[in-house]
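Structure first, commentary second.
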Amino acid sequence: MSHISKEAIEKAKQVLRADVIITIDQLSKLLGCSLISARRRLKEWNAYTCYNQKGRFYTLPDIPKFDEDGLWRYKEAYFTKQGNLKNTIVYLLEKSPKGMNSREIGEIVGLEPSSFMHHFRDIPGLCREKLKGRFIYFSDNTKIYTSQRQRRTVLQQAEKNSPQMPTPC
């Protein structure tokens with residue numbers, strides 16, 4: 001393991017706090033070390049990795065101001081308090097009152113569903129069902145699922161029974 005001076009570490013942290021996000025290449029140059037050593041340092045610091053941009057950006061744990069969904073965006077980089085996109089989607093579904101379709105999930109996480117939802121077919125924490133021709137994602141926690149499924153059914157019945165408004169010309 002290469003030795004990195006305390007001065008280099010403090011300078012790197014100062015730059016990161018000023019710039020808010022950093023790439024691994026930038027950090028490696030600041031620390032004067034290999035990419036592997038820079039990644040080790042990020043792990044020691046419990047840094048967050050963005051879930052978009054191919055995980056290219058990092059930030060220190062005291063920088064993000066996460067919203068109620070545990071998400072934070074800075075410029076083009078999106079971060080999650082849950083650590084990664086999979087955990088985030090499981091978290092969002094656990095707190096969703098009626099489950100969500102891929103479009104609803106995509107709107108919350110700020111990504112096009114076609115770019116990531118195919119990875120979430122069979123993961124622990126999720127249950128996927130086709131309802132009215134559209135996949136709906138629910139929590140796989142039995143108690144939460146039952147409540148979500150009931151609410152989704154009531155919602156679909158209400159939509160079915162409501163008179164259709166004529167479309168404006």
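The values are calculated or read from the model by the stated rules, or taken from the named source; none is laboratory data. None of the values given here were measured: they were computed from a predicted structure. Reconstructed Cβ throughout: ideal geometry from the backbone, glycine too, with neighbour counts over all protein chains shown. The accessibility values were calculated without ligands, DNA or RNA, using every heavy atom of the protein model including side chains. Shrake-Rupley method; radii C 1.70, N 1.55, O 1.52, S 1.80 Å.
Where does helix 85-95 land angle-wise versus the long Cα axis of the chain, in degrees 0 to 90, nearest 10?
Compared with the principal axis, the helix lies near 40 degrees.
Do any of Lys6/Lys65; Lys54/Lys132; Lys11/Lys54; Lys81/Lys143; Lys6/Lys86; Lys43/Lys143 go past 31 Å between their Cα atoms, and which?
Distance filter (> 31 Å) returns Lys54/Lys132; Lys6/Lys86; Lys43/Lys143.
Do any GluC sites (Glu not before Pro) in segment 57-98 lie in a DSSP loop with no more than 13 other beta carbon atoms within 10 Å, and if so, which?
Within segment 57-98, the qualifying GluC sites (Glu not before Pro) (loop, at most 13 other Cβ atoms within 10 Å) are Glu68, Glu76.
Taking the Cβ of Asp140 as the center, what net charge do the other residues with Cβ under 10 Å away carry, scoring Lys and Arg +1 and Asp and Glu -1?
Here the count lands on 0.
Rounded to whole Å, give me the distance from the Cα center of segment 112-155 to that of segment 36-94.
Computed from Cα coordinates, the inter-centre distance equals 24 Å.
I'm checking a number: the convex hull volume of the Cα atoms of the chain, normalised per residue, in Å³. What is it?
159
In degrees from 0 to 90, rounded to the nearest 10, what is the angle of the helix 6-19 Cα long axis to the longest principal axis of the chain?
Once rounded, one gets 40 degrees.
Considering the options Val15, Asn87, Gly55, tell which one lies farthest towards the positive end of the dipole of the chain, charges being +1 on Lys and Arg and -1 on Asp and Glu at the Cβ, about the Cα centre.
Asn87
Take the solvent-accessible surface of the protein heavy atoms, probe 1.4 Å, and return the percent of it on segment 1-110 that carbon and sulfur atoms account for.
Reported share for carbon and sulfur atoms: 49 percent.
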